[in-house]
Amino acid sequence: MDNFTNNEGQEGQQDESAVKVGLKVAAVTAVVLLVLFGLYWGGKKLLLVPTEEEKEPVVEVRLSCPPDEVYTNLQLALKNAGSVCELDLSGGDMTKLGEEIKSFEKIAILDLSGNQLTEISGNIGHLKSLTKLDVSGNQMTHMPSQIGWLMELRELDFSDNKVTEFPTWFAGMLKLEILNLEYNQLTAISEAVGAVPNLNIKELNVRGNQITLVPEQITYLQDSIIVLDLRDNQLVSLPKYIRLLRELKRLELGGNPLPKSEVDRVKKELPNAVVNY
């Protein structure tokens, strides 16, 4: 009986090791693709030594803004583009944000929530100092891939839109801590969530979508993720190795057709997390 138990344990460890190796291969492949993508878009600038004029300016990182640098009128902000730290255009009737957005080179916080936006110019990728972007409560069907160029971004809120695809480009945003995609039309979480081992995602919210699968790669967020909200989706199972999420403190599962046995398994494997179902 002891031999049988030992063999079973060894097989389980081998199985887990095999899965980890598979995930690492997938992650390395994804990283290579990201590098190739960067080389393609960067072109000669990545291959040549930049001159003094070509060198990237030092990015000013600010997580909050003084009152005199917060603007609520776009036209007034454009006249003072160099002094805009926060631009709050929430609660309006905007349908499109055009190329003028690139004027705000030093902006740290951009709030576009509660409008009627269906399109955002790719020039948003020029806002190198941006640390918070809120596009919640609009009519967006996709997220501009240029958002992935915002390397200082800490918080991205794209909730309450009509997005159908989970972004893959965010895998290169190593400072991103909060990603809110609740109440969209997603059907899956991309495997890119585990593409880069040192991602720093602390909160991931995908509540109110149509997600049927959480990829095993999400366990690559094991050293960072604290809150994972999966409520109101179509999940019937969760990653086999979810126990690897050792920093997880809260897991929201309500509103999914999960069998009780699966919920019990998850609670047992995450003893340090509050699992709500």
Going by the structure shown, is residue 146 at pLDDT 95 or above, among the polar types (S, T, N, Q), outside any loop (DSSP other than H, G, I, E, B) and over 23 Å from residue 233 (Cβ atoms)?
-> yes
Residue check for residue 116: in contact with a helix residue (DSSP H, G or I) (Cβ under 9 Å, 6 or more places away or on another chain), over 22 Å from residue 253 (Cβ atoms), surrounded by fewer than 20 Cβ atoms within 10 Å (Cβ to Cβ) and modelled with pLDDT of 95 or more | no
Scanning for something over 26 Å from residue 176 (Cβ atoms) and touching a Gly at 6+ places or on another chain (Cβ under 9 Å), does segment 224-240 turn up at least one residue?
-> no
Could you please let me know if residue 211 is modelled with pLDDT of 95 or more, over 15 Å from the mean Cα position of the chain (by Cα) and surrounded by 16 or more Cβ atoms within 10 Å (Cβ to Cβ)?
-> yes
So how many residues does segment 178-206 have that are without any contact (Cβ under 8 Å) to a residue 40 or more places away in the chain and either in contact with a helix residue (DSSP H, G or I) (Cβ under 7 Å, 6 or more places away or on another chain) or within 17 Å of residue 132 (Cβ to Cβ) (or both)?
-> 11
Output yes when any residue across segment 225-232 is assigned to a strand (DSSP E or B) and touching a residue at least 40 places away in the same chain (Cβ under 8 Å), and no when none is.
-> yes
Which members of segment 233-253 meet the condition of being aliphatic (A, V, I, L, M) and either surrounded by fewer than 17 Cβ atoms within 10 Å (Cβ to Cβ) or assigned to a loop (DSSP other than H, G, I, E, B) (or both)?
-> 235, 236, 238, 245, 248, 253
Tell me which of these residue 255 doesn't satisfy, since it passes every other one: (1) of a type outside the set (Asp, Glu); (2) at positive phi; (3) free of Cβ contacts under 8 Å to residues at least 12 places away in the same chain.
-> (3)
Confirm whether residue 93 is modelled with pLDDT of 90 or more, more than 18 Å from residue 150 (Cβ to Cβ) and assigned to a helix (DSSP H, G or I).
-> no
Output yes when any residue across segment 199-207 is modelled with pLDDT of 95 or more and more than 12 Å from the chain's Cα centre (by Cα), and no when none is.
-> yes
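Quick one: would you say residue 221 is surrounded by fewer than 18 Cβ atoms within 10 Å (Cβ to Cβ), modelled with pLDDT under 95 and of a type in the set (A, V, I, L, M)?
Numbers: surrounded by fewer than 18 Cβ atoms within 10 Å (Cβ to Cβ): no; modelled with pLDDT under 95: yes; of a type in the set (A, V, I, L, M): yes.
When the stated conditions are applied, residue 221 does not pass them.
Residue 219: outside any loop (DSSP other than H, G, I, E, B), at negative phi and of a type in the set (Val, Ile, Thr), yes or no? Steps first, answer last, please.
Working: outside any loop (DSSP other than H, G, I, E, B): yes; at negative phi: yes; of a type in the set (Val, Ile, Thr): yes.
When the stated conditions are applied, residue 219 passes them.
Table: residues versus (1) in contact with a Phe, Trp or Tyr (Cβ under 7 Å, 6 or more places away or on another chain); (2) among the hydrophobic types (A, V, I, L, M, F, W, C); (3) at pLDDT below 95; (4) in a loop (DSSP other than H, G, I, E, B).
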| residue | (1), (2), (3), (4) |
| --- | --- |
| 36 | no, yes, yes, no |
| 51 | no, no, yes, yes |
| 56 | no, no, yes, yes |
| 137 | no, no, no, yes |
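Taking residue 240, is it touching a residue at least 60 places away in the same chain (Cβ under 8 Å) and either within 27 Å of residue 129 (Cβ to Cβ) or of a type outside the set (Val, Ile, Thr) (or both)?
Here the answer is yes, as residue 240 does meet what is asked.
The values are calculated or read from the model by the stated rules, or taken from the named source; none is laboratory data. Worth saying up front: this structure is predicted, and the values here are computed from it rather than measured. Note that each Cβ is placed from the backbone with ideal geometry, even for glycine, and that neighbours are counted across all protein chains shown.
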